[in-house]
Amino acid sequence: MQFDKPATINPIDRLKVVGQPTRRIDGPLKTTGRATYAYEWHAPDIDYAYGYPVGSAIAKGHVTSIDTKAARRAPGVLGVVTTLDVGDLPKGEKNTAKLFGGSEIQHYHQAIALVVAETFEQARAAAALVNVSYAAETGAFDLRDAMPDAQTPDPSTEPESAFGDFEAAFSAAPVTLDAEYTTPDQSHSMIEPHASIAIWDDDAVTVWTSSQMIDWWRSDLAITLGIDKDKLRLMSPFIGGGFGGKLFLRADALLAALASREVGRPVKVTLPRPMVPNNTTHRPATIQRIRIGAAPDGRITAMAHESWSGDLPGGGPEVAVMQTRLLYAGANRMTAMKLATLDLPEGNAMRAPGEAPGLMALEIAMDEMAEKLGMDPVAFRIANDTQVDPEHPERPFSYRDLIGCLERGAETFGWDNRPAPGTRREGNWMIGMGVAAAFRNNLVVPSGARVRLDDRGIITVETDMTDIGTGSYTIIAQTAAEMMGVDIDQVEVKLGDSRFPVSAGSGGQFGANSATSGVYAACVKLREAVASKLGFNSTDAVFENGEVRSGNRAVLLAQAAGDDGLVGEDTMEWGDLTEAHQQSTFGAHFVEVGVDVATGETRIRRMLAVCAAGRILNPITARSQVIGATTMGVGGALSEELVDKRYGLFVNHDLALYEVPVHADIPHQQVIFMDETDPYSSPMKAKGIGELGLCGLSAAIANAIYNATGIRVRDYPITLDKLIGELPEVA
Ligand code: MOS
């Protein structure tokens with residue numbers, strides 16, 4: 001099906017199942033331990049061997065030799081696969097860093113060997129006996145140091161934009177801001193580490209893994225193994241979080257496949273937690289310069305956003321300026337990105353890549369500008385709303401209610417009671433409130449599904465879509481139930497198997513809207529098959545209450561299916577609606593913090609996110625996405641930072657030292673969804689919500705800390721040491 005005209009009324013609009021607060025249908029499997037995560041897949045007749053990886057102890061250079069004699073003699077060892085033995089392997093298309101093979105080392109903890117043994121403990125013990133020699137080279141690890149040599153990245157990343165005359169307008173503006181903001185390297189820190197099981201059968205291999213994107217992984221793994229894609233089955237039915245860290249093929253899957261072929265046994269591999277941050281990808285640090293000029297009435301006349309980030313050779317920039325091209329009005333503007341070469345682990349997508357760090361900077365800058373103008377920061381943002389793409393004024397937004405989010409949030413949160421900076425005290429706590437806008441684009445990606453109807457009246461959906469904890473199983477079941485006119489418990493959903501039609505996968509907050517649209521398209525096909533079998537006109541057949549009606553005839557779906565059942569399969573393709581209209585999601589974050597006047601410790605007191613993201617397919621799972629994302633934003637504001645890059649190693653590479661917030665850190669979170677639909681987005685009229693909640697949240701905390709203390713910190717995370725020197729003297 002091609003979606004190339006705005007959606008009109010369709011069966012989804014009945015909202016009997018879609019839009020309802022449905023608890024996740026995979027919940028019982030997860031809470032009873034029966035969900036088959038990658039490393040936990042158990043089949044009674046499989047004789048697993050266990051692989052334990054060895055990571056490089058240098059950041060740059062070459063491996064000169066790997067002595068495996070002692071490891072091979074250790075108890076239980078079945079074999080050792082080394083990067084020198086396998087030699088250079090073809091690299092897949094999606095990764096920047098090489099995953100395994102050859103002597104070159106590009107980053108710390110790059111996989112260089114895998115020891116396979118009868119048990120996990122034997123493999124781990126033997127891995128410590130592998131003796132590696134290196135020829136190390138000097139690397140570049142610090143963005144600030146590398147900044148002078150940063151280059152304009154590849155044109156495909158759209159590194160620059162300009163509209164009007166920024167320089168002239170900025171120098172003419174009566175009120176201006178010119179400030180620098182920095183964001184650190186961050187780690188995804190998902191609960192489930194990367195894990196895979198590989199089983200060969202003759203020349204074909206089956207891999208269970210933890211992947212957000214089944215087809216991307218399958219293609220790249222087939223290339224690297226040098227096998228036909230048809231000989232590789234990839235499965236990822238349950239995933240314990242990803243956040244972008246599982247978008248692209250990772251070393252555990254490749255190592256499991258290579259080792260299983262070598263030892264002739266099924267092999268399980270997980271990255272030990274301390275290898276995850278350095279072996280995989282991370283959100284790269286940024287240095288951002290923002291300049292804003294405004295008229296005394298608060299209208300922005302000039303806006304510039306420049307961002308520097310680093311990556312391995314061949315990598316791309318953190319696209320932190322993108323939202324600044326779209327979020328606020330202003331006739332004269334420019335954005336630019338610069339990319340430095342760093343020998344750190346690969347920088348890549350982490351939840352809301354671009355917007356997350358970009359808004360951490362931009363939304364502090366907006367707070368600073370409002371103060372310079374003597375305006376309320378909510379009013380300042382409203383004054384600079386735009387209903388068209390500011391760089392291409394002929395392009396309207398498909399639907400944009402940023403103003404509604406700000407106004408609703410201000411009223412709900414009690415924004416009118418915001419104190420003047422540094423004036424509200426409760427005992428040792430300095431209290432403040434902050435606001436920030438949220439913004440994230442809404443992407444659409446082709447997505448396929450197959451839907452079967454059987455003689456029990458059960459609808460079975462098959463698609464290689466993944467559920468990374470987001471609720472895909474549930475919203476897909478809701479979609480199929482609505483389309484076919486059955487209860488949700490009449491629907492079975494099967495996900496994450498490369499034998500199913502290729503879907504959008506889970507990424508870029510495009511999964512929910514795109515994948516349910518694919519299910520919609522397949523259900524349209526199935527409805528046609530049912531109607532045609534019964535001799536009904538498919539346009540006036542009504543699917544409701546487990547039956548299909550046309551005129552005065554009504555037939556149970558189970559009966560219509562017959563012994564052989566019926567199948568509909570299709571892929572939702574997208575026309576050019578995203579070109580004529582800009583599709584984005586919007587929101588407003590409000591935060592109240594307390595800062596300890598003696599220690600500088602910041603505690604969140606309450607948070608509110610108001611989100612405008614088209615139709616909300618399931619208010620329970622959508623709310624979970626937003627509270628998860630805002631929790632992540634608290635980490636970004638207060639604690640998360642991969643540190644100490646002297647040797648190119650992130651030293652806080654475990655969950656004890658890399659600090660992420662938990663429930664106790666955030667006593668009260670509220671989420672409000674604006675009641676809206678966007679007919680330009682899809683037949684579902686929904687948009688992405690998975691990343692929006694993170695966008696802007698950290699800046700709202702920074703602004704609340706400023707309001708509490710009068711101290712402006714422009715360098716994340718806002719740790720105690722950045723506040724304590726400027727706190728008032730305590731009697
Ligand atoms: Mo997202 S960073 O595309 O998983």
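The values are calculated or read from the model by the stated rules, or taken from the named source; none is laboratory data. Treat the numbers as computed from the prediction; the structure is a model and nothing was measured. All Cβ positions, glycine included, derive from the backbone under ideal geometry; neighbour counts span all protein chains shown.
Considering every residue within region 160-183, establish whether at least one is buried (at least 18 other Cβ atoms within 10 Å of the Cβ) and closer than 30 Å to Thr470 by Cα. Within region 160-183 (the criterion being buried (at least 18 other Cβ atoms within 10 Å of the Cβ) and closer than 30 Å to Thr470 by Cα), the answer is yes, since at least one residue qualifies.
When Ser103, Ser156 are checked against the criterion of being within 24 Å of the chain's Cα centre (by Cα) and closer than 30 Å to Arg218 by Cβ, Ser156 stands alone in meeting it. Counting only residues that are within 23 Å of Phe650 (Cβ to Cβ) and either touching a strand residue (DSSP E or B) at 6+ places or on another chain (Cβ under 9 Å) or modelled with pLDDT under 95 (or both), region 102-127 holds 11 of them.
Residues of region 403-438 that are hydrophobic (A, V, I, L, M, F, W, C) and touching a Ser or Thr at 6+ places or on another chain (Cβ under 6 Å): Met430 alone.
Put simply, of Glu368, Glu407, Glu411, Glu391 the only residue that is charged (D, E, K, R), assigned to a loop (DSSP other than H, G, I, E, B) and surrounded by fewer than 22 Cβ atoms within 10 Å (Cβ to Cβ) is Glu391.
From the list Ala708, Ala686, pick out the single residue that is among the aliphatic types (A, V, I, L, M), away from the ligand (no atom under 16 Å from the Cβ) and over 28 Å from Lys722 (Cα atoms). Break it down stepwise before answering.
On the way: Ala708 fails: over 28 Å from Lys722 (Cα atoms).
Result of the check over Ala708, Ala686: Ala686.
Restricted to region 658-683, and to residues there that are over 12 Å from Arg615 (Cβ atoms) and β-branched (Val, Ile, Thr), the residue that is nearest to the ligand (Cβ to nearest atom) is Val660. Filtering Glu528, Glu492, Glu544 for residues that are closer than 25 Å to Gly19 by Cα and in contact with a Gly (Cβ under 6 Å, 6 or more places away or on another chain) leaves a single hit, Glu544.
Among the residues of region 513-523, is there at least one that is in contact with an Asp or Glu (Cβ under 6 Å, 6 or more places away or on another chain), more than 16 Å from the ligand (Cβ to nearest atom) and more than 29 Å from Asn545 (Cβ to Cβ)? Don't jump to the end; show me each part of the working.
To start, the set of residues in region 513-523 that are in contact with an Asp or Glu (Cβ under 6 Å, 6 or more places away or on another chain) comprises 521-522.
Now narrow it down to the ones that are more than 16 Å from the ligand (Cβ to nearest atom): 521-522.
Filter once more, so that each one left must be more than 29 Å from Asn545 (Cβ to Cβ): none.
Checked against the condition, which is being in contact with an Asp or Glu (Cβ under 6 Å, 6 or more places away or on another chain), more than 16 Å from the ligand (Cβ to nearest atom) and more than 29 Å from Asn545 (Cβ to Cβ), region 513-523 yields no hits at all.
Residues in region 368-378 include at least one that is touching a helix residue (DSSP H, G or I) at 6+ places or on another chain (Cβ under 8 Å) and closer than 22 Å to Val626 by Cα. All conditions in (1) assigned to a strand (DSSP E or B); (2) within 26 Å of the chain's Cα centre (by Cα) hold for Ile199, with the sole exception of (2). Tell me whether region 432-454 contains one or more residues that are aromatic (Phe, Trp, Tyr) and either at pLDDT below 95 or closer than 17 Å to Pro237 by Cα (or both). Checking region 432-454: not a single residue is aromatic (Phe, Trp, Tyr) and either at pLDDT below 95 or closer than 17 Å to Pro237 by Cα (or both). Here region 529-556 is the region considered, the condition is being under 19 Å from Arg452 (Cβ atoms) and touching an Asp or Glu at 6+ places or on another chain (Cβ under 7 Å), and the residue that is surrounded by the fewest Cβ atoms within 10 Å (Cβ to Cβ) is Leu556. Within region 46-64, is even one residue assigned to a helix (DSSP H, G or I) and either under 30 Å from Glu573 (Cα atoms) or not charged (D, E, K, R) (or both)? Among the residues of region 46-64, not one is assigned to a helix (DSSP H, G or I) and either under 30 Å from Glu573 (Cα atoms) or not charged (D, E, K, R) (or both), which makes the answer no.
How many of the residues making up region 226-267 are more than 16 Å from the ligand (Cβ to nearest atom) and over 20 Å from Thr83 (Cβ atoms)? Break it down stepwise before answering.
So in region 226-267, the residues more than 16 Å from the ligand (Cβ to nearest atom) come out as 226-235, 237-238, 251-267.
Within this subset, residues satisfying the condition of being over 20 Å from Thr83 (Cβ atoms) are 228-235, 237-238, 264-266.
Total satisfying the criteria: 13.
Remark: pairs (first residue in region 222-251, in a helix (DSSP H, G or I); second residue within 16 Å of the ligand (Cβ to nearest atom); Cβ separation under 9 Å; 6+ apart in sequence or on different chains) = Thr224/Leu249; Ala251/His194; Ala251/Thr280. The condition of being within 16 Å of the ligand (Cβ to nearest atom), assigned to a helix (DSSP H, G or I) and of a type outside the set (Ser, Thr, Tyr) holds for Gly693. Where helices (runs of 4 or more DSSP H) sit wholly within region 543-653, those with at least 1 residues that are in contact with a Lys or Arg (Cβ under 8 Å, 6 or more places away or on another chain) and closer than 26 Å to Leu327 by Cβ occupy 577-580, 619-638.
Among residues of region 507-519 that are modelled with pLDDT of 95 or more, those with a Cβ under 6 angstrom from a residue that is of a type in the set (Asp, Glu) and near the ligand (Cβ under 8 Å from one of its atoms), sequence gap 6+ or separate chain, pair up as Gln509/Glu691. The residue that is nearest to Ala560 (Cα to Cα), counting only those in region 465-494 that are within 16 Å of the ligand (Cβ to nearest atom) and part of a loop (DSSP other than H, G, I, E, B), is Met465.
Given the options Trp216, Trp200, name the one that is of a type in the set (Phe, Trp, Tyr) and away from the ligand (no atom under 16 Å from the Cβ). Working first, answer last.
Values: Trp216 fails: away from the ligand (no atom under 16 Å from the Cβ).
Within the list Trp216, Trp200, the selection yields Trp200.
Can we say Ala352 is crowded, with 24+ Cβ neighbours inside 10 Å, among the aliphatic types (A, V, I, L, M) and within 16 Å of the ligand (Cβ to nearest atom)? Full working, then the answer.
Values: crowded, with 24+ Cβ neighbours inside 10 Å: yes; among the aliphatic types (A, V, I, L, M): yes; within 16 Å of the ligand (Cβ to nearest atom): yes.
Taking the combined requirement at face value, the residue satisfies it.
Evaluating Val80 against the criteria (1) touching a helix residue (DSSP H, G or I) at 6+ places or on another chain (Cβ under 7 Å); (2) at pLDDT below 95; (3) not aromatic (Phe, Trp, Tyr) leaves one unmet condition, (2).
Would you check if Gln151 is surrounded by fewer than 18 Cβ atoms within 10 Å (Cβ to Cβ) and closer than 16 Å to Gly347 by Cβ?
So Gln151 passes the test.
Does any residue in region 404-424 that is farther than 18 Å from Gly710 by Cβ come within less than 9 Å, Cβ to Cβ, of a residue that is of a type outside the set (Gly, Ala, Ser) and assigned to a loop (DSSP other than H, G, I, E, B) six or more places away or on a different chain, and which pairs are these? From residues that are farther than 18 Å from Gly710 by Cβ, the pairs are Gly404/Met674; Gly404/Glu676; Cys405/Met674; Leu406/Asp385; Arg408/Met674; Ala410/Asp376; Trp415/Asp376.
Looking only at region 313-329, which residues are in a loop (DSSP other than H, G, I, E, B), more than 16 Å from the ligand (Cβ to nearest atom) and surrounded by 22 or more Cβ atoms within 10 Å (Cβ to Cβ)? Working first, answer last.
Let us first name the residues in region 313-329 that are in a loop (DSSP other than H, G, I, E, B), namely 313-321, 326-329.
When the remaining residues are screened for being more than 16 Å from the ligand (Cβ to nearest atom), the result is 313-314, 321, 326-329.
Across region 313-329, the qualifying residues are Val321, Leu327, Tyr328.
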